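Written out below as structure tokens is the structure these notes cover.
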Amino acid sequence: MNQETDVSTRRVILTMLKTKGALSVGDMSKQLGITEMAVRRHLNTLERDNLIESKLVRQAMGRPSHLYSLTPVADDLFPKKYQHLALDLLEELEASLGESNVNLLFERRKERLIGRYGERMKDKLFDGRVQELAEIQNANGYMVELEPTEDGGYLLKEYNCPISQVANQYNHACQCELAMFQRLLGPEAEVERTECLAKGGGKCTYAIRPNQ
């Protein structure tokens, strides 16, 4: 069995567990048409990747059986339409209360994020703060690459934007991200956005330089 087939089979197992709930190895073996040994091999890989978990269930008759189900990590693999909901709500807010109130919402979110991450910047110098900011954005799904520059600064490149559909329609979200970076990095840093996904760029790029 080649690697592509293995990956396809594991996807089928994840979909089965999503649609049918907890299943035993025997259940999966029958539905997939493969041996229980082959099913266990796939389950071992999925457990290693923290995508499934097992629970021992005692039967009225016979030996206890392990039932397998998805973990919260696996649930993130399935399509979500949160951005459509967010856009619908923002459009309703704009229609009812005006664009200024939508912008105020983004400002409040920015302040909340600064409050959440500000402690992580304490007692750090310029390089440490930039590294910490890259780690924060990476953890939030922005696929960050940090590139040192000859002037002692960095290019922080974000190849993914989790709120891209929102930012495409409400550019104030991008302005708030820039302002958040500046606040978290402090007066020792100068931050400039030189490329933006929401404006047709291939990524969001921030030039971060030490303030002389």
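The values are calculated or read from the model by the stated rules, or taken from the named source; none is laboratory data. These numbers come from a predicted model, not from an experiment. Note that each Cβ is placed from the backbone with ideal geometry, even for glycine, and that neighbours are counted across all protein chains shown.
Things worth noting here:
- Screening segment 1-45 for residues that are touching a Phe, Trp or Tyr at 6+ places or on another chain (Cβ under 8 Å) and assigned to a helix (DSSP H, G or I) and picking the one that is surrounded by the fewest Cβ atoms within 10 Å (Cβ to Cβ) gives LYS18.
- Condition check for GLY201: closer than 26 Å to GLU99 by Cβ, among the small types (Gly, Ala, Ser), in the same structural domain as ASP127 (by TED's automatic domain parsing) and not in a strand (DSSP E or B): yes
- Segment 110-134, residues that are out of contact with any helix residue (DSSP H, G or I) (no Cβ under 7 Å at 6 or more places or on another chain) and over 17 Å from VAL191 (Cα atoms): GLU111, ARG112, GLY115, ARG116, GLU119, LYS122, ASP123
- Scanning segment 51-68 for residues that are in contact (Cβ under 8 Å) with a residue 24 or more places away in the chain and within 25 Å of PRO79 (Cα to Cα) yields LEU51, ILE52, LEU67, TYR68.
- Residues of segment 46-55 satisfying the condition of being in a helix (DSSP H, G or I) and surrounded by 10 or more Cβ atoms within 10 Å (Cβ to Cβ): LEU46, GLU47
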